[in-house]
Amino acid sequence: TSMKNPNVKGLIAAPFTPMKENGDLNLSVLNDYVDLLVKQGVYNVYVNGTTGEGLSINKEERKLAAEKWIQAGKGKLRCIIVQVGTCNLSDTKDLAKHAASAGADVIATLPPFFFVPKTLDVLVDYLAEVANQIADVPLMYYHIPEMTGVNLDMEKLIQMAEKRIPNFGGIKFSSEFGRCCAKYGDQLALCYGKDEQVAAAYMLGCKAAVGSTYNYCGILNNKIYNACMNGDYNAAGKLQNKVAQFIGVLIDHEMAGLDVAVNKALMTKVTGLEMGPARLPLGAVSKKSMEIIIEDLKKIDFF
């Protein structure tokens with residue numbers, strides 16, 4: 001086929017974008033951040049995604065974050081994926097071109113999510129425009145319909161991309177995963193995106209997963225990955241239940257897995273690496289809420 005498989009394997013952390021109390025970027029901690037990931041056996045990152053608040057920071061900041069991650073990861077990380085999606089094509093093209101020339105291994109993009117592509121044809125046209133900017137760097141599509149409202153069939157997307165986008169590299173998923181894995185698992189990077197269900201995805205043949213909890217639960221998640229790769233699904237299931245319990249606590253507090261503010265506060269608490277608050281409309285988490293969450297996490301032996 002004419003597609004371009006980036007061959008990324010294992011855990012891909014979706015890193016937070018560290019900030020100062022006033023919301024300015026605080027990228028000086030990235031060298032320590034990379035070391036912390038590597039210590040947990042996490043060698044890949046998905047920069048400026050949901051967890052990185054890619055859509056709450058401005059274009060210049062996104063470029064800066066991409067550059068700094070690429071610099072900090074040099075010689076230490078295996079695959080640096082930079083997410084460049086916006087609601088306007090010219091900004092997305094500009095960000096894609098920038099990240100590719102800065103040395104990103106893979107460029108990922110959301111679909112536009114205000115005026116949304118209503119057909120696969122339009123979506124593939126849009127992705128082809130982005131792919132044109134990045135020469136032979138693989139382009140990954142970020143499929144997260146619950147956030148974007150773009151819920152088109154991913155198997156058909158791959159069939160069309162195969163013909164029209166020579167450097168199409170894969171998809172970061174939250175649905176239709178099994179069908180695509182069966183058919184294209186060896187040709188593309190099909191990355192699973194739901195941390196609490198990842199063991200099931202590995203059983204279907206998934207080779208890589210993107211998640212926010214891999215920032216600070218990398219060791220546990222690597223145990224799940226290794227158990228699955230060794231065919232020990234029983235052990236993997238038990239470990240996966242631990243992750244599900246942990247994410248359950250966050251959801252009980254109406255902090256659905258996607259609440260980046262809580263996740264940043266947890267990262268700071270678990271690792272000692274200061275992540276600061278999230279930007280509005282997410283904002284900071286009150287000390288009191290955090291204390292309650294930490295208490296509940298202690299009850300399930302998370303700490």
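Just so it is clear, none of the values below were taken in a lab; they were calculated from the coordinates. Computed from a predicted model, the values in this text were never measured in an experiment. Methodologically, a virtual Cβ is constructed for each residue, glycine included, from the backbone with ideal geometry; neighbour enumeration extends over all protein chains shown.
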Worksheet item: How big is the gap, in Å, between the Cα center of the range 182-252 and the Cα center of the range 110-156?
Response: 25 Å
Discussion item. For the chain, what does the helix formula give at 222 nm: sum of -39500 (n - 2.57) over DSSP H segments with n ≥ 4, over the residue count, nearest 500 deg cm²/dmol?
Written reply: -14000 deg cm²/dmol
Practice prompt. Let me see the pair-distance distribution of the range 84-166: every alpha carbon pair, 5 Å bin width, integer percents in order.
Written response: 3, 16, 29, 27, 18, 7, 1
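Could you calculate the contour length gain from ALA235 to VAL122, that is, 0.36 nm times the residue separation minus the distance between their Cα atoms, to one decimal place in nm?
Full extension of this stretch gives 36.3 nm more.
Rounded, prolate or oblate: which fits the range 1-90, taking a ≥ b ≥ c as square roots of the Cα gyration tensor eigenvalues, rounded meaning a/c under 1.5, else prolate when a/b beats b/c?
Numbers: a/c = 2.10, a/b = 1.12, b/c = 1.89.
Oblate shape, in that a/c is at least 1.5 and b/c is the bigger or equal ratio.
Could you tell me which chymotrypsin sites (Phe, Trp or Tyr not before Pro) in the range 62-171 are loop residues by DSSP with no more than 15 other beta carbons within 10 angstrom of their beta carbon?
Numbers: sites: TRP69, PHE113, PHE114, PHE115, TYR126, TYR141, TYR142, PHE168; in loops: PHE113, PHE114, PHE115.
The qualifying sites are PHE114, PHE115.
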Discussion item. Give me the one-decimal Kirkwood hydrodynamic radius in Å for the range 145-210, with the sum taken over alpha-carbon pairs.
Written reply: 12.2 Å
Worksheet item: What are the aspartates and glutamates whose alpha-carbon lies under 17 Å from the alpha-carbon of LYS93, with same-chain residues fewer than 8 places away excluded?
Response: GLU60, GLU61, GLU67, ASP105, ASP125, GLU129, ASP136
Item to complete: Identify, among LEU157, LEU127, PRO112, the residue whose Cα sits farthest towards the positive end of the charge dipole of the range 104-192, taking +1 on the Cβ of Lys and Arg and -1 on the Cβ of Asp and Glu, with the dipole about the Cα centre.
Response: LEU157
Worksheet, complete the sentence: Of the convex hull enclosing the alpha-carbon atoms of the range 131-256, the direction-averaged projected area in nm² is 8.7 nm²
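Exactly which trypsin sites (Lys or Arg not before Pro) in the range 32-84 are in a DSSP loop and have at most 12 other Cβ atoms within 10 Å? Can you show the working numbers first?
Working: sites: LYS39, LYS59, ARG62, LYS63, LYS68, LYS74, LYS76, ARG78; in loops: LYS74, LYS76, ARG78.
Those satisfying the criteria are LYS74, LYS76.
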Worksheet entry | Dipole moment magnitude, nearest 20 debye, the chain about Cα centre, only Lys, Arg, Asp, Glu C-beta charged | 540 debye
Response to the item:
Expressed in µm² per second, the diffusion coefficient of the range 10-224 from the Stokes-Einstein equation, with Rh the Kirkwood radius over alpha carbon pairs, at 4 °C and 1.567 mPa s, is 75 µm²/s
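Using the count of nearby Cβ atoms within 10 Å as a rough guide to exposure, how do LEU190, LEU37 rank from fewest to most? Please list the in-between numbers first.
On the way: LEU190 28, LEU37 24.
Lowest count first: LEU37, LEU190.
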Practice prompt. Straight distance only, please: which lysines reach the Cα of LYS269 with their own Cα at less than 26 Å, same-chain residues fewer than 8 apart left out?
Written response: LYS20, LYS39, LYS68, LYS76, LYS194, LYS223, LYS238, LYS242, LYS287, LYS288, LYS298, LYS299
Fill in: Kirkwood-based shape ratio for the range 22-146, expressed as Rg/Rh from alpha carbons
0.98
